[in-house]
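Presented below is the structure to which this report refers.
The values are calculated or read from the model by the stated rules, or taken from the named source; none is laboratory data. Nothing here was measured: the structure is a model prediction, and the numbers come from that model. With ideal geometry, Cβ positions are generated from the backbone for all residues, glycine too; neighbour counts draw on all protein chains shown. Accessible surface is based on the protein model in full, side chains and every heavy atom, while ligands, DNA and RNA are left aside. Shrake-Rupley method; radii C 1.70, N 1.55, O 1.52, S 1.80 Å.
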Amino acid sequence: MNEMIHLAGISFFALAGVPVHYILKLRAKYLKSAMIKQMSSLLLSVFLLFQCQPNKPSITDGNLFLAIAVFDTTGWLNSQDSTRMTPIPAAKITLDSRDYEKQFQFFTDSMGVAVISGILASEYGIFVEYQISTATVLIAAKSKKIFNTSSEVDTMLTHSIAMSPVVINEIYSCGPPNNVFYFFDQYIELYNQSGEIQYLDGMILTRVRTSVEIEPFIEIWDFVENTYAFQFPGSPGGKEYPIYPGQYVVVAGDAYDHSQSIPGAVNLENADFECVNQLSSDYDNPDVPNLSNINTARTTDYLISLVTDAVILADGTSYWQNGNYIDIPVSTILDGVEYKKTTSTSKRLTRRLDSGYTGLGISNYSGRSRERITPGKDTNNSTVDFEVIDAPTPGYSH
Amino acid sequence: MPSKIKIITSLLVLMFVLNAGFASDFRINALGNNRLALVDEDNQLNLYNFVNNPAYLLFDENRSWLKFYAAGNYYNTSLKRQYDPEKEQNLSFNFHGYKILAHNQAIWGRIKYHFNSKYHLMNAIEENPHADDPLVLTDSLSGNFNTDGPGVEVLYHYQPFSKLGIGAGITYEISTGLKKQYTRPRTIHRNFEGKIALTYRFSPELVFGSFLTGSRLQDQIELVKSWDGKDIFTRRYRSELVYREIVGEFDRYYNLNGWHFNFAVQYYPMKTTVQNLLVFDYSDNTQETTDQTGVNRNMDSYWYQNLYQLTYYGRYILNRMVVGLKVAYLKQKDWSKHPTLPILITERSRDSYEFGLGLSYQFNRILLLVEGDLYRSNEMFSDYQSSLQREGYNNYYSGKMGGEIKIDPIHYIMLGYNYNYFNPDYYSPQFLPENKTQYFSVGLSERRARYEIELYFDYTLKNSIENTSSFKGWNALIYTRLYML
């Protein structure tokens, strides 16, 4: 019985975290019976297992911190000394989590600083916007991992972009609900958000080339590489194809009543333009003016990915053939919109053209579309400018 | 003999008609869950019946037997948590066998097959979305989920010396499931457990027992695009409110590795009139969740849980009256963290105390039982990611009554009634509101020297305290045991 008491005592010491070598000494001193020693060895091994618990982290999520200072380096806010970095008060900062469906929005204070607390551990896209006038916005964008509690401080330098009078207003690409993989009722809708008549002559509508290999370069290159490129009739600077203030223009892949093929598909018979590849025997509605293919390496119609892609509209004054692709200088691009079905895919359009993306949650053949929340309103961030709508709205707003 | 065959055949037919659930403790359930003071061959206060230590098997069972039972249950409920089904039914078939191989060796085995159907399961595409871990995978629709599969369990006891017993056990279960609506996930559940055990009999009155169990549970969910080309659209919750939306095919793996240590002392100081059992349990579980797309595997979460429990059972047999006692303390905690970083996402703890007192009295032909249980726990739930904090006491109490009438030397009728009251369980990420439960049971049995046949039925009614939601369900079971010569 004495030995049992000693065994219980040694077990207690082991549970209480007494060092193993000391417990072994105790065992040698008090436990004489071989059987009891074997039992104590077994118990000791088990108690050692108790010590193998993983460490609980001391940092808690939802409690992280970031400070951002936003400066203007373009001279828009301080025209007397355009070389100085001028703090931007009341700039809107959007943190868009790459890991969760979470977005945080804050504004800078009078010193151009925003202190953001209570955020989740995640990689974020950080977008800064400050509207100077109806035609100009200062923007900045970067990606940042926020993973620890020590105060993260960052600086963001903005650059200005001129807001285009003609913008991409809606992109419908996923196809109607169907079981035969029909998606040919795609269209792009343009909108004149200015107060003046604009002209589409010679403008170029493209599908951006993207692959993992070129993605690291999209922020460095001064041009955007495109897979498909179709040009409006007329020449850049011409005045044959007007788009009036507040007018919608629908550019169809094929200006055809697709509901005759698939119930529920879009009737694009009355589209304003259609894309026709003159290098192939593409469908051509004789009543609708055509955009023509300018990429000699492509012999197919203008088609964009159903749920993940990017589209740009350029003024058409400059472009060149680069192998299988058409390269267009960023400076001639009027608008660009990126869309993707999930946050996990990488960015495919430079943040100078679209600092966000739209279309999350749209699946193939769901009949859903993406449209600007307010017609023509463009802050260069499709995440906040666009919304997903349940049905396409060609030529009108939802 | 032909009449017996007819009875057995008709019972087998009835068994297929009944939809039933689980029933190893059949007589206890039929008597209103009065366990503490019920003296029964399968409810002895010892290391096998109360602790499941295989190194005591030979001392608990002194005859070889074969057992078969079919069990089923069904319920429909509006008293439910977010991902609970509105209806559920289970059907299982179980074969057990126990064989004394020699004077110092025995083996026990079980084979079962189980069918489960859940109806109108909102969003959840896991078999058990309300498991202890906070991780849930959902789609956008409600649907029905069917699973089925076999299970095998073997226990072995060897007594090399009169005082020392060695035991081992293996359990393997596998089941596959399919949700019939979009996103049509297919689940594969695998559970493996291995156990080694020891007992040491200092004397017939004092026995020490211990076992160590290692377990590995893997739940796999396959999400594959269906023939109609529709994208798989899912949400991965890492906490109660924060999720990530994913479009595309992938496989999810929940790997739960755990071990369980048990140490127990069985002490009968006054032969069999005073029985004591002191049990210590410790279990430790770690779950890692990984998602696989093509050949790429990424860890999506990490969850850890441990649990200590100390329980004392006492039974005092005073001629016709038996008094049963249970006092227990449980400490449980778990936490989850970011899959790759040392950042805590959720944390929970529970300290609970339980006290139970049971009485039974054997009249000439009637056995009466009553039992009361009190449970109180201090619970804390912190979801740092969702900014949720819940803390409070959870009280639970139950009153139980049971009676068994001996119609003739071999036929018995059993009746039971339970009343339970539950506070909200703050430990659970999604918990039920305050509710009360009533449970009525009835059983019939024929007990002969060579075989036993039992029939059992119970009906459960739960209501939220505001009577805004309710649960109605029943269990049914047929059970036979054939003793070998």
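Length gain on complete extension for the stretch A:Ile220 to A:Val153, per 0.36 nm per residue less the alpha carbon to alpha carbon distance?
Numbers: separation 67, 0.36 × 67 = 24.12 nm, distance 2.45 nm.
Residue separation times 0.36 nm, minus the Cα-Cα distance, leaves 21.7 nm.
Would you mind computing Rg(Cα) / (2.2 N^0.38 Å) for the protein assembly as shown, counting N as its residues?
Numbers: Rg = 35.7 Å, N = 883, 2.2 N^0.38 = 29.0 Å.
With N residues counted in the protein assembly as shown, Rg over 2.2 N^0.38 Å equals 1.23.
Calculate, for the protein assembly as shown, the solvent-accessible area per residue in square angstrom, rolling a 1.4 angstrom probe over the heavy atoms of the protein chains.
43 Å²
Could you check how much of the accessible area of the range A:166-389 is carbon and sulfur, as a whole percent, using a 1.4 Å probe?
Values: 4010 of 8060 Å².
That share works out to 50 percent.
Toward the positive end of the charge dipole of the range B:279-375, about the Cα centre and with charges on Cβ (Lys, Arg +1; Asp, Glu -1), which of B:Leu368, B:Ser301, B:Asn285 goes farthest?
Going by the Cα projections, it comes out as B:Leu368.
Rounded to the nearest 0.05, what FRET efficiency do B:Tyr316 and B:Glu222 give with R0 = 60 Å and r taken as the Cβ-Cβ distance? Could you check?
On the way: r = 55 Å, r/R0 = 0.91.
The formula returns an efficiency of 0.65 here.
Compute the accessible area of each residue in the range B:360-402 twice, once for its chain alone and once with every protein chain present, using a 1.4 Å probe on heavy atoms, and list those whose area falls by at least 30 Å².
B:Tyr384, B:Gln385
Let me confirm one metric for peptide B:234-245, namely the mean number of other chain beta-carbon atoms within 10 Å of its residues' beta-carbons. Intermediate results must be reported in sequence, preceding the final value.
Details: counts 0, 1, 2, 1, 4, 4, 0, 2, 9, 3, 10, 8.
Taking all residues of B:234-245 together, the mean is 4.
Could you put A:Asp61, A:Asp390 in order of accessible surface area, largest first, with the 1.4 Å probe and the full protein assembly present?
Reading off the accessible areas and sorting them downward yields A:Asp390, A:Asp61.
With solvent modelled as a 1.4 Å probe, how much accessible area in total do chains A and B shield from it at their shared surface, in Å² to the nearest 100?
Approximately 3600 Å², summed over both chains.
So what's the net charge close to A:Phe223: Lys and Arg +1, Asp and Glu -1, counting the other residues with Cβ under 13 Å from its Cβ?
-2
So for the pair B:Leu101, A:Asn324, with labels modelled 7 Å out along Cα→Cβ, what separation do we get in nm?
Distance between label points: 6.7 nm.
So, how do all the Cα-to-Cα distances of the range B:188-305 break down into 5 Å bins, in percent, from 0 on up?
With a bin width of 5 Å, the distribution comes to 2, 9, 13, 14, 12, 10, 8, 7, 6, 5, 5, 4, 2, 1, 0.
Given R₀ = 60 Å, what would the calculated FRET efficiency be for B:Phe115 paired with A:Arg98, taking r from the Cβ atoms and rounding to 0.05?
0.90
Determine the alpha carbon to alpha carbon distance for each of B:Lys87/B:Lys112; B:Lys406/B:Lys472; B:Lys331/B:Lys436; A:Lys347/A:Lys377 and list only those over 27 Å.
B:Lys406/B:Lys472
Which percent of Cα-Cα pairs in chain B sits in each 10 Å bin, short to long?
Once binned at 10 Å, the Cα pair distances of chain B give 4, 16, 27, 30, 16, 6, 1, 0.
Normalised by the empirical 2.2 N^0.38 Å for globular proteins, what value does the Cα Rg of the range A:166-389 take?
Rounded to two decimals, the normalised Rg is 0.94.
With a Förster radius of 56 Å, plug the Cβ-Cβ distance of A:Ser58 and A:Glu240 into 1/(1 + (r/R0)^6) and report the FRET value to the nearest 0.05.
FRET efficiency, A:Ser58 to A:Glu240: 0.25.
Give the ranking of B:His120, B:His157, B:His411, B:His130 by solvent-accessible surface, highest area first, calculated with a 1.4 Å probe. All intermediate terms of the calculation are to be shown ahead of the outcome.
On the way: B:His120 80, B:His157 0, B:His411 60, B:His130 35 Å².
Reading off the accessible areas and sorting them downward yields B:His120, B:His411, B:His130, B:His157.
How would A:Tyr182, B:Tyr182, B:Tyr83 rank on accessible area, largest to smallest, probe 1.4 Å?
From most accessible down to least: B:Tyr182, A:Tyr182, B:Tyr83.
Given the protein chains as shown and a 1.4 Å probe, how many square angstrom of B:His114 are accessible, to the nearest 10?
About 40 Å², rounded to the nearest 10.
For the charge dipole of the range A:166-389, defined by +1 on Lys and Arg C-beta atoms and -1 on Asp and Glu C-beta atoms about the Cα centroid, which residue among A:Tyr319, A:Ser235, A:Gln247 has the Cα displaced farthest towards the positive pole?
Most positive-ward Cα: A:Tyr319.
Using only protein heavy atoms and a 1.4 Å probe, report how much of A:Phe107 is accessible, in Å² to the nearest 10.
120 Å²
Step through the residues of the range B:98-108 one at a time and calculate ³J(HN,Hα) from phi using the Karplus curve (6.51 cos²θ - 1.76 cosθ + 1.60, θ = phi - 60°), rounding each to whole Hz and writing x for Gly and Pro.
These are the phi-based 3J(HN,Hα) values: 9, 9, 8, 7, 7, 5, 10, 9, 8, 9, 10 Hz.
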